[in-house]
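The values are calculated or read from the model by the stated rules, or taken from the named source; none is laboratory data. Because the structure is a prediction, the values reported are computed rather than measured. Virtual Cβ from ideal backbone geometry, glycine too; neighbours counted across all protein chains shown. Areas reflect the complete protein model, heavy atoms only, side chains present, ligands, DNA and RNA absent. Shrake-Rupley method; radii C 1.70, N 1.55, O 1.52, S 1.80 Å.
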Amino acid sequence: MPSSPNLIPTHSIYLSKSTNPYFNLSLEDWLFRHKAPNEPLLLLYRDDPCVVIGRNQNPWKEVNLPALRVREGVPFIRRRSGGGTVYHDLGNTNFSIHLPRTSFDRHMTAQVVLRAVCSLGIDATVNDRNDICVGKEKVSGSAYKIVSQRAYHHGTMLISTQLNTLGDLLHNTKDTMETKGVASVRSPVRNLQQFNRGVTHEAFVDAVVHEFSKEYGIRNVDGEVQIVSEASCRDIEYIQNGMSELPSWEWAYGQTPEFTYTVSQAFEWGTVTAKIRSKHGIILDCACSLSVADDSVSSMSAIQPGVVDSLNPQLKDIERALLNRRYGFVSAIEILKGLGINGMDDETGSGVRAAKDIALWLERIMNS
Amino acid sequence: MFTRRLQGKRFLVACLHTSRRVQNSRKVIEKFKLADIGEGITECEIIKWNVKPQAVIQAFDPLCEVQSDKASVEITSPFDGVVTELLVQEGQVAKVGSNLCLIEVVKEAAIGISPNVAEPVNTSSNPDTNSLPTIESEQEPGSSKEFASAPRRKHPMDPTFTPDTKSNSPIYATPSVRHIARQRGVDLSQLAPGSGKDGRIERRDIDDYLAGAATTGAPVALQDDQDVVVELGRTRHSMWKAMEKSLHIPHFGYSTTLDLTTLHGLLPSLNANIPPHFLPPSVIPTLPLAVSPSSVYPPSPPPEVPPSGQYTRLTYLPFLLKTLAKSMLEWPLFRASITTTDPSSKPTLTIRPHSDISVALSTPNGLYTPTIQSADSHSMYALSSQLKYLSHLGRQIPCGLTPKEMPKRGGTLTVSNVGAIGAGDFAAPVLVPGGGVAIVALGRAKWVWDVDRGDGSGERRLKLGVSWSADHRVIEGAELAAFVECWRGYVENPARLIADSV
């Protein structure tokens, strides 16, 4: 595509060659905002492995961040449409149907994709949440975005995804994290290839292009299909800006709605309960309370007299140290600095030891 | 970013601060409601506000983002103004129709805002908003009528916006651009989309348009090789709806030809004797009379005939209507209309004392059926005058026909003279509710060789095809056939009319 300030999408069907999820999401957004409002548009793409959360979701609640960190090069990305958390890899094909807002009907668009799947010889249906299923299992998840003139329905289609990885990365059971965001609705999933071995990404793409063209009266299909590469969009500022915005802390974490996480940990010297409140990724406050262990539990170690007295002000210092910090981005060392304790090895008094325990624990909690 | 916005909006901000000095503008606090997003969604969670209180915003600027089920929805501002208060916080859920925020808007005299959009806030009910400007005393919703001129197009998210199916592409323009357009008498819909961002119309678009219009005259509609979508106009849409209702009526058809040869022979004489009050003044022969009929006592003055009701020659139609009216007097069934008051009770017919006949009129505005009441009591000359008058009214743009010519009562028979348009023989007209119990389409009269006449050698005769459709709930086939024969009895033998001293 030539570089020009007034460049707008002129085709109806876009296939992305890139597997860069940041590029694909930004391309989708550019097509969404710049296509003539009354014309239908279809985009199909695949991503390298990544976890994608909905616009208003809480990554700490939805994503198994420790497992994610273990896998090198697999990020989580917050997309611009609503809905729940999904896992993308090259065995998953994403579709995106853009229409004028006044004529947008999510059931109709789901039917277009359903017909494509059925044409591959699979007995699929649409459930009451507008997701495509085979029997009781989901093969696709959907989400939507609506602005003043346009709306889109986009979704995943599991063809040959690593479902074990999906299960692992999306596994998260923080029951005591209460979030104001949208929670994912968990469902059992299966790949299309488990129903028909011959289904491929290419076959699915062809089927969707065919059904889309039929539905929206696109006659010259070959002329309408445009294959897009990352290189061809290097001059489109909107896409470049999007690609740098998506991984930024402000977008990925800073868009998290308010949540409260209540956790307790039993230490040798007592149990600490922390109630951390965060909004937009920032810690608003952290209320820590201490209950001393029963004699029966800590009979082994010597509870120094006055440990509660020394801990309580330290807890207050810890609370203060966390205030306005980025949730999940505070290290134990930084917390302890707030208490005047430098490093882990400095001083070994039990009060300090307790503070270190708490700091390490909080760091771990927020990274989980 | 906030400062950058202010700089760009200096004009608007200045306007707000000096509005008290400007005679015809005033500040009003608009309540912005969460509009119906569609898809059966009843409530949404506010995810994010894009503005803070005291932020200056323009129409179509992003205001907030809401989430419902799996949809993330971006809401843009319908107004230019200043956001004074956010009424729902991020993370809270708002029901569709509830107020999201308050926006202070400057209303100029030239901007006509329909009364139900403006909802001025009573300052006494908002004790904590000390920063509200003075609101002028004439605050009834009706008072904005005095500012009415061209209505402002409503933002799609404006809670009172009703999707106008005629306008598929909205017109984006800042208030200053709209003001200029109004001043110069430019219709912005002619310019959309403009050269600005998102198709906004800019000032230079107006300048270009006026420069172009000056040189080329009226803009020419571009011919495309693409399909074009048009909306049905009001009259055609009314026809659509009426015709759908016509499906409730079981139609049956009946056609025949009428022999107009004798009538044809009478026309020259009839034309030569059109009463003077039906003739255009220029045509009336002004022969000085040696003896005047008014010498002893003036005869009753003729009725006033408007110029559009004057004519110089008769057609067949008034004659056909008159003979039809006479037949209707002999056949009460065809003077009946269906007047079932209660759907659950038995159907009733109401028989009228006179023959009311509706005439289908094809006009530039669409298809209308005005009614000639009591056609039996009018002379053929009077009927001719009425027909001319009605078609004159119908051809006016906008249509000159009023409920006086098209009463709800309507006729019991409808006549469609489609032969005037094309050389048709027969048709299959459609009867609509309110159009009576039967309709007849008249074809075009043509000379044919009728082998039945002239003692077997045949004769040249003027024939007219007529096609009837009747409501079979009310009329039997045999009855219609017999009625048509009655009509024929008059049409083909006009001499009979003399006996009745018509």
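For peptide B:85-91, compute the average count of partner chain beta-carbon atoms within 10 Å of each residue's beta-carbon.
Taking all residues of B:85-91 together, the mean is 2.
Under a point-charge model restricted to the Cβ atoms of Lys and Arg (+1) and Asp and Glu (-1), what is the dipole moment magnitude of segment A:19-76 relative to its Cα centre, in debye to the nearest 20?
Taking the Cα centre of segment A:19-76 as origin, the dipole is about 160 debye.
Quick one: length gained pulling B:Glu244 to B:Ser457 fully straight, 0.36 nm per residue minus the C-alpha distance?
Full extension from B:Glu244 to B:Ser457 adds 71.8 nm.
How far apart, in nm, are two points set 7 Å out from the Cα along the Cα-to-Cβ line at A:Arg219 and at B:Arg496?
5.8
Can you spot the lysines whose alpha carbon is less than 19 Å from A:Lys35's alpha carbon? Ignore those fewer than 8 places along the same chain.
By straight Cα distance, A:Lys35 reaches A:Lys145, B:Lys197.
Please compute the average number of Cβ atoms from other chains found within 10 Å of each residue's Cβ in peptide B:57-69.
So the per-residue partner count for this stretch is 3.
Let's test the formula: R0 of 35 Å, r as the Cβ-Cβ distance of A:Thr102 and B:Arg352. What FRET efficiency results, to the nearest 0.05?
The value I calculate is 0.15.
Taking amide H positions as placed 1.01 Å from N in the peptide plane, with prolines and chain starts having none, which residues 5 or more places from B:Asn50, or on another chain, fall under 5 Å of its amide H?
B:Cys64, B:Glu65
Tell me, in nm to one decimal, what length is gained between B:Ser282 and B:Asn99 on full extension, where the rule is 0.36 nm per residue of separation less the Cα-Cα distance?
59.0 nm is the gain from fully extending B:Ser282 to B:Asn99.
In the full protein assembly as shown, how much of B:Arg473 is accessible to a 1.4 Å probe, in Å² to the nearest 10?
140
Please report the orientation-averaged projected area of segment A:55-120, defined via the convex hull of its C-alpha atoms, in nm². Walk me through the numbers before you get to the answer.
Details: hull surface 25.0 nm².
With every direction weighted equally, the projected area is 6.2 nm².
Run the dipole for chain A about the Cα centre, Lys and Arg Cβ at +1, Asp and Glu Cβ at -1, nothing else charged, and hand back the magnitude in debye, nearest 20.
820
Would you please give the FRET efficiency between A:Arg71 and A:Ser187, computed as 1/(1 + (r/R0)^6) with r the Cβ-Cβ distance and R0 = 30 Å, to the nearest 0.05?
Rounded to the nearest 0.05, the efficiency is 0.85.
Would you work out which of A:Gly84, A:Val225, A:Ala67 lies farthest towards the positive end of the dipole of chain A? Charges go on Cβ: Lys and Arg +1, Asp and Glu -1.
Among A:Gly84, A:Val225, A:Ala67, the one farthest towards the positive end of the dipole of chain A is A:Val225.
Obtain the nm distance between the two label points defined at B:Asp225 and B:Asn273 by a simple spin-label model: each point lies 7 Å from its Cα along the Cα-to-C-beta direction.
According to this spin-label approximation, the distance is 6.6 nm.
Under the rule of -39500 (n - 2.57) per DSSP H run of 4 or more residues, summed and divided by the residues of chain A, what mean residue ellipticity at 222 nm is obtained, to the nearest 500 deg cm²/dmol? Walk me through the numbers on the way to the answer.
Numbers: 12 runs with 116 residues, N = 368.
After summing the helix terms and dividing by the residues of chain A, the value is -9000 deg cm²/dmol.
So how exposed is A:Val126, as accessible area in Å² (1.4 Å probe, rounded to 10)?
Here the residue's solvent-accessible area equals roughly 40 Å².
Residue by residue through segment B:375-382, which ³J(HN,Hα) values in whole Hz follow from phi under the Karplus form 6.51 cos²θ - 1.76 cosθ + 1.60 (θ = phi - 60°), with glycine and proline marked x?
4, 5, 8, 9, 6, 4, 5, 5
For segment A:4-147, give the magnitude of the charge dipole about the Cα centre (Cβ charges: +1 Lys/Arg, -1 Asp/Glu; no others), in debye to the nearest 20.
Taking the Cα centre of segment A:4-147 as origin, the dipole is about 340 debye.
Apply the a/c threshold of 1.5 to the C-alpha gyration tensor of segment A:1-156 and tell me whether it is rounded, prolate or oblate.
oblate
Let me cross-check A:His210: its accessible surface, 1.4 Å probe, with only protein heavy atoms counted, in Å² to the nearest 10?
Around 100 Å² of this residue is reachable by solvent.
Highest mean first, how do A:104-110, B:346-352, B:67-73, B:445-451 rank when packing is the count of other Cβ atoms within 10 Å averaged over residues? Kindly include the intermediate steps, with their values, before the conclusion.
On the way: A:104-110: 18.0, B:346-352: 12.1, B:67-73: 23.6, B:445-451: 14.0.
Result, highest mean Cβ count within 10 Å first: B:67-73, A:104-110, B:445-451, B:346-352.
Across the residues of B:73-83, average count of Cβ atoms on other protein chains within 10 Å?
Rounded to a whole number, the mean comes out at 2.
Using amide H atoms built in the peptide plane, which far-off residues or other-chain residues are under 5 Å from B:Ser358 H to H?
For B:Ser358, whose amide H was placed from the backbone, the distant partners under 5 Å are B:Ile372, B:Gly411, B:Thr412, B:Leu413, B:Thr414, B:Val415.
What nm distance separates the two modelled labels at B:Ser379 and B:Val291, each placed 7 Å from Cα along Cα→Cβ?
Each label point lies 7 Å from its Cα, and together they span 2.1 nm.
Hey, quick one: spin label on B:Thr256, modelled 7 Å out along Cα-Cβ, who in segment B:480-499 has an amide N within reach, i.e. under 16 Å?
B:480-494
From the phi angles alone, apply the Karplus equation (6.51, -1.76, 1.60; θ = phi - 60°) to segment A:314-331 and give each ³J(HN,Hα) in whole Hz, x where the residue is Gly or Pro.
Couplings: 5, 4, 4, 5, 5, 4, 5, 5, 7, 4, 6, 8, 7, 4, x, 10, 10, 8 Hz.
Take the Cβ-Cβ distance between B:Lys52 and B:Arg395 as r, set R0 to 56 Å, and report the resulting FRET efficiency rounded to the nearest 0.05.
Given R0 = 56 Å and the Cβ-Cβ separation, E is 0.40.
Can you find, among A:Val189, A:Asn241, A:Leu41, the residue sitting farthest towards the positive end of the charge dipole of segment A:13-252, where Lys and Arg contribute +1 and Asp and Glu -1 at Cβ?
Highest projection toward the positive end goes to A:Val189.
Please compare each pair in B:Lys52/B:Lys95; A:Lys275/B:Lys52; A:Lys279/B:Lys33; B:Lys322/B:Lys408; B:Lys31/B:Lys408; B:Lys326/B:Lys388 to a cut-off of 32 Å on the Cα-Cα distance and tell me which ones are over it.
The pairs that break the limit, which is 32 Å between Cα atoms, are B:Lys31/B:Lys408.
Tabulate in residue order the Karplus-calculated ³J(HN,Hα) for segment A:74-87, using 6.51 cos²θ - 1.76 cosθ + 1.60 with θ = phi - 60°, rounded to whole Hz; enter x for Gly and Pro.
My calculation for segment A:74-87 gives 9, x, 10, 10, 8, 8, 8, 9, x, x, x, 9, 9, 10 Hz in order.
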